Each structure stands twice: as structure tokens, then as C-alpha cells.
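The values are calculated or read from the model by the stated rules, or taken from the named source; none is laboratory data. Worth saying up front: this structure is predicted, and the values here are computed from it rather than measured. Using ideal geometry, Cβ is built from the backbone for each residue, glycine included, and neighbour counts are taken over all protein chains shown. These area figures cover heavy atoms from the full protein model, side chains too; ligands, DNA and RNA do not enter into them. Shrake-Rupley method; radii C 1.70, N 1.55, O 1.52, S 1.80 Å.
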Amino acid sequence: RNGPAGVMTDGSTNLHDVFNHVVQIDIERLLTERPPVQEYIGTIPAAEIGLGSSLSENLAIRKRVGRPGAPFGGLGKFDPKVTLPPAVSGEAPLEINAEVVCETKIGQFKSCSEGGSSIYFWVLQPIFNRSDLVVGAEILVRAKNGTDSAPFEDLLFLMDPQATPDICQVYASWKAEEIVGWTLKALKEYPVLRSLHFISANVRPLDLSTGSLVFQEVERRLNSLTPEDRDLVCRVVCIEVTEDQAHPKQIAESMQAWRKLGFGQRQAPVGCPTCGGFIYDDTIGDLAHKALGKETTNLHTTTELSPLLDEFWLLKVDIDWAGHVIFLSHPACKPNQKAEVLQHAQEEDQVFVARGPALVDSGMKHSEACAEFATWTRQMIAKGKHICIELTVRQDDENNAFAIERLKGLGLDIFGADSRYFSFQGGRLGPKALEPRQLAQGARVLEVKNDYT
């Protein structure tokens, strides 16, 4: 049963009870919020460059240009091979080719990096404790196409280390604006957000280097702030190291350089005296990693984490590890598939994974998958680490409940005795992420009572 401010009346504690407060938001209202739609970028229809709001039209463009994939991924740099009639009589037709797509999208990212208007925008995805109270948030990117999907192909295009120098500079400025300028503006305009224990910003391993354009641009922007503003940014922002690049040999030294910039001023959780404000993104167990075939897409296995473990206070569990393998409720799994996935786990002890309309046997036993997760998690808890599961996990979800009970049998009680170490990204909001003003509206800080009365 829940006590005041999410404290359990059985005497156990929730994540970050050592920080003495949580933030309550209006989940029901926020579920009704809809992302904005921008139909034109200047004279160019957003739909013609992969940023439209119509699923069917986006899929038709992909089919036309031979680029199958997620309908709202953005398509990155491509050639639409489209010529539009002139908007005004006597003007030349508008030819939209790969060069126009590139210039338009990079121009929008550049505008974003300067705090200007753009079809791309940053949002915050809340991170909840077990009682649906907010303890932190992650900065994500969206396009104004009316969906809660990331324009990931456009981001890959922007972040390409082999891109031209001008694009690399736009990327560095854009990332630095996210970490410093945009976050500072949100914290000053909406003071309730300062009560979040952290706001995480994704940084790729190679960008941690002091020789990277990203580091240098972040340093430059921090140096331009007043001491008070710099302290505010560095106290709230946690650097979340992403899984998509191999760790450079000097990564520990690079992380120390970020600490010297001021990141890591946040109060360390009990048992994490050297956490330094860093978060390890998308962790996945070695057995699950092999079963899911993620060798090239996720380099953050538990084995890779081991030598750097002391650098991090919060470890995020990859959505594929949590959703496909442990809790059997990956968002890619349709409702009719979920029942079948559960049946396979209950009757055959097998993990089946949704691959489009089909279910595929991963070759992994669910009991073994849970054992791997429980063993690793218990080891991390023993070292005082906190765990964020990047999945909506609910006790009243039949698939989740089966996994929760199996984990209990293995000595891991994520909603009970061990709940203080766990948080859940998305919660009841699922993939929905919010603009700062939306998240702040009606939010209030609740003090956590430590007497558990």
C-alpha cells in the first residue's frame, strides 16, 4: 500500500528516498497532449523530405525511393526526385533533390542549435518510481510530425563522424545547446523542473573526448554563463553515455574532464560516492545480447560495463532486454502477440520475440533470461547502483506479473524490498515525451517522509 508521497507503509523505500522529494505530475492530462505538426519548412512541404504527419504518405515515399523502414524515422539524406509547381505564377518550379533535403535538414538543426524555430525540438521523457512519481527525465528529440517517434534517421545523418566539417560543427553546436542552453532555459522558466533529481542528456562515447567538437562547444557555452547558471546546469544535468560506439581507451579520463567542467555536482545516492553524475545507457546481459542478435547495434553489454562500473551511478536496462526477454511486453509486440508470448514462456519456458507480424523463437529460456537479469541486478544493488528499466512495467499487466513473480523467486523484488533501487522510464505515459511547459503545468513537489508513518 502507498503512504504519503509514494512512501510504502510497509516501511520500504522508493528510488531516491535519500533525496527527500519527488515530483507529482498530472498523468491523465498529459496522456491527452498531442505533439505539434509543422507542414512546411519555408516553401518546402515537410512531407516531401520525410517529415510528414501521414503514415500512409510516408510509407509511399519510402516505397518510391526504395528506402523501407519506420514511417516516421525521417529518412535522413535521400533524393525525393520531386519537382513541385511554382507557388507564384512566373517563378521556376521547385526541385527537391538530395542536396535540398540535406541543406533543409541541416539548416533546421542549425536553427535549433541557436535557440531558434525548427521542425526538430527537444522534449523530456519522465522517469518514475514504482508509485508513478517522477524522479528524473531524459532529453529526447522529436520532429513536428504529430507523433511520439524520434526522427532517428535524421539524427544518424547529423551525427555521422564522417560527415563534412560544416555538418560536424552543426552537430556539436546542436548537442551543446541541448546540454547547456535549452536545459538552462527550461530550468529557469519552469522552476519545478529543478526539483527533478536529474535530467539526462545523451552523449556518444567518442564525443566525451576533450578533443571532440562536442566537448569543446559545451565547455565554451558553460564558460559564457554566470556562476549561478553554470552551477544550475551542472547540478541537474547527468551525462548519459550511449551504447552505439565502442568505448575509446581513454574514456575514463574523458569522463573525468567532464567532471572538471562541473558535471557530477548532484548529491550521490547512498553507496555511490564516486558516481560523478554519469548514466550508462541501454545495458544488456551477455546471454540476451547474443539471443537477440544485437552484436553490432548495442555495445553496452554487462561485460563491457564491468571495468567502468565505478564511473556510473545509474544503469539503464535496454528496452529490448527488458521488453523482449524479461517482462515480455516490448512495444513492438501487438496485443494478440503478447498473449502468445506469455503462453510460450509459461508452458514452454521459451522467449519468443515479435518480428513484424511474426513471432520468432529466440532460443533462450525465460527462466535463464530472468536468472541472468536477477544475478546481475543483485550484484549492482550490492554495489549501491540504481537501475532504470527503459520500459513501462506494471504489476497489473499479465505478462509483467509473470516475470515479476519469477524474479521474486530468484530473490529480486523490484516493486517491494528492492524498489528503492529501481525506476521506470515512460511509466503510464509510455513513449510520450513532453515539452518543459507541458511537464511543469500542474506539477508539484512532494516531500518524502522518512519516518514511514
| With r defined as the distance between the Cβ atoms of Gln346 and Ala417 and R0 fixed at 30 Å, what FRET efficiency is calculated, to the nearest 0.05? | 0.75
| Helix 251-261 versus the longest principal axis of the chain: what is the Cα-based angle in degrees, 0 to 90, to the nearest 10? | 80
| query | Suppose R0 equals 25 Å; then what is the FRET efficiency for Glu295 and Ala382 from their Cβ-Cβ distance, rounded to the nearest 0.05? | reply | 0.30
| Selection of GluC sites (Glu not before Pro), segment 222-252, meeting DSSP coil and at most 12 other Cβ within 10 Å | none
| field | Inter-site label distance for Arg194 and Asp310 at 7 Å from Cα along Cβ, in nm | value | 3.4
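Taking only C-alpha pairs under 8 Å that are 6+ residues apart, what is the relative contact order of the chain in percent? Each step should come with its number before you reach the end.
On the way: 836 pairs, mean separation 91.6, N = 453.
Once normalised by length, the contact order is 20 percent.
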| In degrees, nearest ten, helix 55-65 long axis to first principal axis of the chain (Cα) | 60
| said: Using 0.36 nm times the number of residues separating Lys185 and Asp166, minus their current alpha carbon distance, what extension gain do you get? | reply: 4.2 nm
| request: Show which aspartates and glutamates lie in cross-link reach of Lys408 when reach means a straight Cα distance below 15 angstrom and same-chain residues fewer than eight apart are skipped. | output: Glu368, Glu372, Asp418
| message | Can you compute 3J(HN,Hα) from phi for each residue in segment 119-130, using the Karplus curve 6.51 cos²θ - 1.76 cosθ + 1.60 with θ = phi - 60°, rounded to whole Hz and x for Gly and Pro? | response | 6, 9, 8, 8, 9, 10, 9, x, 10, 10, 8, 5
| remark: Taking Cα atoms, the helix 98-113 axis meets the longest principal axis of the chain at an angle in degrees (rounded to 10) of 60
| message | How many angstrom lie between the Cα centre of segment 77-116 and the Cα centre of segment 153-204? | response | 24
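From Cα pairs below 8 angstrom and at least 6 apart in sequence, can you work out the relative contact order of segment 69-137, rounded to a whole percent?
18
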| query | Each label point is 7 Å from the Cα along the Cα-to-Cβ direction; what then is the distance between the points at His21 and Lys334, in nm? | reply | 4.7
| task | Report the net charge of residues surrounding Phe152, where surrounding means a beta-carbon distance below 12 angstrom and charges are Lys +1, Arg +1, Asp -1, Glu -1. | result | -2
| Calculated FRET value between Leu31 and Ala257, using beta carbons and R₀ = 41 Å, to 0.05 | 0.50
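Take Cys168, Cys388 and sort them by solvent-accessible surface of the protein heavy atoms, 1.4 Å probe, largest at the top. If you can, show how the numbers build up before the last one.
Numbers: Cys168 30, Cys388 0 Å².
Putting Cys168, Cys388 in descending order of accessible area: Cys168, Cys388.
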| said: Per residue of segment 134-142, what does 6.51 cos²θ - 1.76 cosθ + 1.60 with θ = phi - 60° give for ³J(HN,Hα)? Whole Hz please, x for Gly and Pro, Karplus curve as stated. | reply: 7, 10, x, 7, 10, 7, 10, 10, 9
| query | Amide H of Leu94: which non-local residues (sequence gap of 5 or more, or other chain) have their own amide H closer than 5 Å, using H built in the peptide plane? | reply | Leu84
| Inter-label distance for Ala92 and Glu228, nm, one decimal - labels placed 7 Å from Cα along Cα-to-Cβ | 5.3
| said: At a threshold of 8 angstrom on Cα-Cα distance, excluding pairs fewer than six apart, so keeping six or more, what relative contact order does segment 12-129 reach in percent? | reply: 16
